[in-house]
Amino acid sequence: MANAIPQSKTYRPSMPMTWWLERWNYTWFILRELSSAFVAYWVVITLLQIAAISAGPVAYTNFRVWMSAPYMVAINIITFIFVIFHTLSWFRLVPQAMLPRIGGKRTSTTMTSAPMYAVWVVVSVIVGLFIMGILP
C-alpha cells in the first residue's frame with residue numbers, strides 16, 4: 001500500500017437557515033422563487049374555476065361561495081401581491097437575460113422592457129373593461 005493516495009475531506013461550511021436574510025439581493029431572490037409557488041396556486045384556482053363553470057351553474061355557485069370565504073379572500077389577496085411581485089421581478093430581469101441588438105448596438109434596458117409593460121397594461125385594461133361589462 002505504498003502507492004495509496006490519502007483521501008482528503010471536502011470542506012463544507014455550515015450555512016444558517018436564514019442565510020438569505022443577510023443581503024437584500026438574496027432576500028429578493030428567495031422571494032421571487034417563493035412567488036412561483038403562488039403563481040402555481042393561481043393557475044390551479046383558475047383551472048378549478050374553469051372546471052366549475054363547465055360543470056354548470058350549481059358547481060360555479062359552490063365555487064364562488066368557497067372563494068368568498070374570508071380565509072380564501074385573504075389567501076387570494078396574498079397570492080395577488082406575490083403574482084404582481086413575480087411579474088415585476090421577471091420584467092426587471094428580462095433586459096439582463098436578453099441582449100437584443102438593433103443595428104449591431106445593444107438596446108437599452110428601457111427599450112427591452114417597455115414593450116412588456118405596455119402589453120401588460122393593454123391586456124389589463126381589456127380584461128378590466130370585459131369584467132365591468134363594457135366589452136361584450
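Every number in this text was worked out from the coordinates using simple rules, so none of it is lab data. Since this is a predicted model, take the numbers as computed values, not measurements. For neighbour counting, all protein chains shown are included, and Cβ atoms are generated from backbone atoms with ideal geometry for every residue, glycine included.
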Check: For the range 97-125 and the range 18-95, what is the separation of their C-alpha centers, rounded to whole Å?
Finding: 25 Å
Check: Pick from VAL43, VAL83, VAL58: which is most flexible by mean-square fluctuation in a GNM of the chain where alpha carbon atoms under 10 Å apart are linked?
Finding: VAL58
Next item on the list: State the volume of the convex hull built on the alpha-carbon positions of the range 88-136, expressed per residue in Å³ and rounded to an integer.
Entry: 82 Å³
Check: When the dipole is taken about the Cα centre of the chain, and only Lys, Arg (+1) and Asp, Glu (-1) are charged at their Cβ, what size is it in debye, to the nearest 20?
Finding: 480 debye
Next item on the list: At 0.36 nm per residue, minus the direct Cα-Cα distance, what do ARG101 and ALA74 gain on full extension? Give it in nm, one decimal, please.
Entry: 5.3 nm
Margin query: Just to be sure I understand: with springs between alpha-carbon atoms less than 10 Å apart, which residue in MET98, MET17, MET72 has the highest mean-square fluctuation in the Gaussian network model of the chain?
Written below: MET17
Check: Say R0 is 41 Å: what FRET efficiency, to the nearest 0.05, do TRP19 and MET132 get from their beta-carbon distance?
Finding: 0.35
Next item on the list: Taking the dipole about the Cα centre of the chain, with the C-beta of Lys and Arg at +1 and of Asp and Glu at -1, give me whichever of VAL39, TYR71, ILE50 is farthest to the positive side.
Entry: VAL39
Margin query: Among SER14, SER54, SER113, which one shows the highest mean-square fluctuation when the chain is modelled as a Gaussian network with alpha-carbon springs under 10 Å?
Written below: SER14
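Report the convex hull volume per residue for the chain, counting only C-alpha atoms, in Å³. Present the calculation step by step, with values, prior to reporting the outcome.
Numbers: hull volume 39.7 nm³, N = 136.
Output value, Cα hull per residue: 292 Å³.
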Check: Residue-wise, which Karplus ³J(HN,Hα) couplings in Hz belong to the range 63-71, taking 6.51 cos²θ - 1.76 cosθ + 1.60, θ = phi - 60°, and x for glycine or proline?
Finding: 4, 5, 5, 4, 6, 8, 5, x, 5
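Quick one: net charge of SER113's neighbours, Cβ under 14 Å, K/R +1, D/E -1? Show your work: numbers first, answer last.
Details: positive: ARG92, ARG106; negative: none.
Every neighbour counted, the sum reads +2.
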